[in-house]
Amino acid sequence: MPDITAEEIVKKVQAHEDATIDLRNRMEEDYEDWRLDEFDAGEGYQSFTSNHPYVFANKIISWMVGAQLTIQVPLGNMHRPDRERASMKENFIIGMFNAANERLHQQLLPSLEDQLAWFLTLRGFAFGRALLVKDEDSSTHVDITPWDPLHTYWGVGTKGLMWACYKFQKTATELKDEYDWQPSLEQTSEEHYDVYDYYDREHNAVVVKDEFVKEPEPHHAKGVPVFLSVVGSTPPIQSRSGDTTTIEDYGESVLKPNRVMLEKYNLLISVMLELASRSRQPPIAVQSRDGSKTLDEDPYKEGTELSLAEGESVEALELLKTAQDMGPLLGLISGEMQRGSLPFSVYGEIQFALSGFAINTLRQGIDAPLDPRLQAMARAYTSISNLIIGQYLEGKYSALQLSGIDNDRIWFDEQITPEMIDNLPPPRIKLMGDLPQDDVSRFSMAQIAREGPRPLLPDLYIRDEVLHIQDADKLDDAVKAQMAESASPMAAMLTLFEASARQGKREQAMIYLQEMITLAMQQSMMGGGMGIPPIPGTNGNGGGPEGPGIPPQVAPSAMLGVPPPVPTPQAGPLVPPGTPRPGAQGSDLARQLGIP
């Protein structure tokens, strides 16, 4: 039983919240900009709210979600069996993420990659719980639950996280159902209650109203089972005076460069909108003898009639115009916002003709806001993988049945035990933005590294490090099989035969089978009846060299002037050499075609 009490957990969380209040205020302001809270230009004036924060952030989020996830266990000098186990470990991680997503979807929550992308883009942090949980039936499920950094509190020591706590709200009904807790008669009934889900390096506890609704119990993980990832390279720094307000610069969101510019941009567009709206109903001056004359009807509506006495008149006043410097100023602010976000060409806005080189140069502006968040997302994936694998290798959980699609677009569904993935290097996880020019550049680099009589890099390294293929051995086998089909007529014929049989095309398969039989008989004749071709330059019987031309042992009968013999019907079906005798068990493909 840990020494910490429920009251101490609440005080620890409150102290950390006070120390990071500027960081949390920044997160809330960014969220207001993203959700497009209306800009206020003043009472009685038209207000304009730019959709730039929402569009820009969602563009980054969509790229992060669509990024190519590559999970590789370093092969090094492993032998083939160990490389196969490395591929098994990669599949374990992919299946683990897939199982976590299925669980999140059942709770009507976005997938893991969706939530991590949103938090890293708009909060600048990624937190969450990563645990293996035993069910009541002794089975095991993967629990990977992202936390909102706005309500996450933590303490870091020299060995990493010392503790972490997620604070959220639940109703009394939900607390009764999940923890069998309800407020006592002395406690005031509330609509929502603050729930503290607390983890340290050994225990997990849940606190409500300064009391444990879940008593501290071991979580069986090595260290705090919480992953943490921060965006950017800015460390938590202090000013010379020791003021900690610089915490708000730690883990910045994607909206930081344009926070100040956005307000000025909204103001300028609001001024233009106000002046444009006045053109619909410009101000008027009504002249009368005593100055008390007013109009009962709107003079700008079609068909309006005004009754005016002698000496009275109605006159439209001159409209206000924007200052001459308004246009250049708006252009400067718009350019600043573009430099702080994404080039307008990303959205297809090209106002004048540009060369392909210029467009690609503009596309390089994508890297600045995107790459730091992809790296932080990869670090979060790596931390999750190490946490789950570390718990799984303890041997306290039942074997997991995992499924998914690996990076080679191949479906797998298999039970993976701890022994299969033990004693292997930790995974390397990368995320690459799925941009068209990236694919072209990678394949061009791979081709250059392999060209020439002496390639710069071996094929295995090119597939692993340049093309980022997960299972390079499997792809290498497939390439060699394809090369064998083009090099050997018999291999090509066998491939066509198998493909026709799988599609149920019996007649076509029989044609290929007959061709294989004929080809095998020809090769057998050329090899002296043993299926071995003669050595070039010999007489086929192991003798000395022959003269130019075709040896008589293999020359067709027509070339020797002998009429073709009458074929003797073969007893039984025509089969290639080496097939089982009649009545024996045939091959699977032949059995599919009904061939004995």
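The values are calculated or read from the model by the stated rules, or taken from the named source; none is laboratory data. No experiment lies behind these values; they were computed from the predicted model shown. Cβ coordinates were reconstructed from backbone atoms using ideal geometry, including for glycine residues, and neighbour counts include every protein chain displayed.
Is there a residue being part of a strand (DSSP E or B), among the hydrophobic types (A, V, I, L, M, F, W, C) and in contact with an Asp or Glu (Cβ under 7 Å, 6 or more places away or on another chain) anywhere in segment 137-159?
Checking segment 137-159: not a single residue is part of a strand (DSSP E or B), among the hydrophobic types (A, V, I, L, M, F, W, C) and in contact with an Asp or Glu (Cβ under 7 Å, 6 or more places away or on another chain).
Beta carbons closer than 8 Å, at least 6 apart along the sequence or on distinct chains, pair a first residue in segment 26-38 that is assigned by TED's automatic domain parsing to the domain that holds T121 and under 18 Å from G251 (Cβ atoms) with a second that is among the hydrophobic types (A, V, I, L, M, F, W, C) and outside any helix (DSSP H, G or I) for D30/L255; D33/L255; W34/L255.
Of all residues in segment 274-292, which are without any contact (Cβ under 8 Å) to a residue 24 or more places away in the chain, surrounded by fewer than 10 Cβ atoms within 10 Å (Cβ to Cβ) and either within 21 Å of Y45 (Cβ to Cβ) or small (G, A, S) (or both)? Of everything in segment 274-292, those that are without any contact (Cβ under 8 Å) to a residue 24 or more places away in the chain, surrounded by fewer than 10 Cβ atoms within 10 Å (Cβ to Cβ) and either within 21 Å of Y45 (Cβ to Cβ) or small (G, A, S) (or both) turn out to be R280, G291, S292.
Taking each residue of segment 113-140 that is touching a residue at least 60 places away in the same chain (Cβ under 8 Å) and looking for partners that are of a type in the set (D, E) and outside any loop (DSSP other than H, G, I, E, B) with beta-carbon atoms closer than 7 Å, six or more apart or interchain, yields L122/D30; R129/D143; L131/D143. Checking each residue of segment 74-82 against the condition of being surrounded by 21 or more Cβ atoms within 10 Å (Cβ to Cβ) and not in a strand (DSSP E or B) gives no match. Just need a number here: residues in segment 286-345 that are within 30 Å of L370 (Cβ to Cβ) and either touching a Lys or Arg at 6+ places or on another chain (Cβ under 8 Å) or not acidic (D, E) (or both). Residues meeting the conditions: 16. For Q238, the conditions (1) over 30 Å from E174 (Cβ atoms); (2) at pLDDT 80 or above; (3) not charged (D, E, K, R) all hold with the exception of (2). Within segment 426-475, the set of residues being of a type outside the set (A, V, I, L, M, F, W, C), at pLDDT below 65 and more than 19 Å from Y381 (Cβ to Cβ) comprises P436, Q437, D438, D439, D473, K474. Looking only at residues in segment 208-253 that are in contact with a Gly (Cβ under 8 Å, 6 or more places away or on another chain) and either part of a strand (DSSP E or B) or on the phi > 0 side of the Ramachandran plot (or both), the one that is surrounded by the most Cβ atoms within 10 Å (Cβ to Cβ) is F227.
Criterion applied to L308, L295, L267 was being at pLDDT 90 or above, of a type in the set (A, V, I, L, M) and surrounded by 12 or more Cβ atoms within 10 Å (Cβ to Cβ), and the one residue passing it is L267. Looking across segment 271-298, the residues that are part of a loop (DSSP other than H, G, I, E, B) and under 60 Å from the mean Cα position of the chain (by Cα) come down to S279, R280, Q281, P282, P283, D298.
Screening E174 on (1) under 18 Å from Q14 (Cβ atoms); (2) among the acidic types (D, E); (3) without any contact (Cβ under 8 Å) to a residue 40 or more places away in the chain shows it passes everything except condition (1).
Scan segment 161-204 for residues that are at pLDDT 90 or above and small (G, A, S) and the total you get is 1.
Quick one: which helices (runs of 4 or more DSSP H) lie wholly within segment 1-65 and hold at least 1 residues that are touching a helix residue (DSSP H, G or I) at 6+ places or on another chain (Cβ under 6 Å) and either exposed (fewer than 12 other Cβ atoms within 10 Å of the Cβ) or of a type in the set (A, V, I, L, M, F, W, C) (or both)?
Values: elements: 6-19, 21-34, 52-65.
Where helices (runs of 4 or more DSSP H) fall fully within segment 1-65 and carry at least 1 residues being touching a helix residue (DSSP H, G or I) at 6+ places or on another chain (Cβ under 6 Å) and either exposed (fewer than 12 other Cβ atoms within 10 Å of the Cβ) or of a type in the set (A, V, I, L, M, F, W, C) (or both), they are 21-34, 52-65.
If we scan segment 218-234, do we find a residue that is in contact with a His (Cβ under 9 Å, 6 or more places away or on another chain), in the same structural domain as D37 (by TED's automatic domain parsing) and either among the acidic types (D, E) or over 30 Å from I21 (Cβ atoms) (or both)? The answer is yes; a qualifying residue exists.
Would you mind stating whether D413 is modelled with pLDDT of 75 or more, assigned by TED's automatic domain parsing to the domain that holds A67 and closer than 19 Å to A378 by Cβ? Taking the combined requirement at face value, the residue does not satisfy it. If the condition is being without any contact (Cβ under 8 Å) to a residue 40 or more places away in the chain and acidic (D, E), then segment 220-271 contributes D243, D249.
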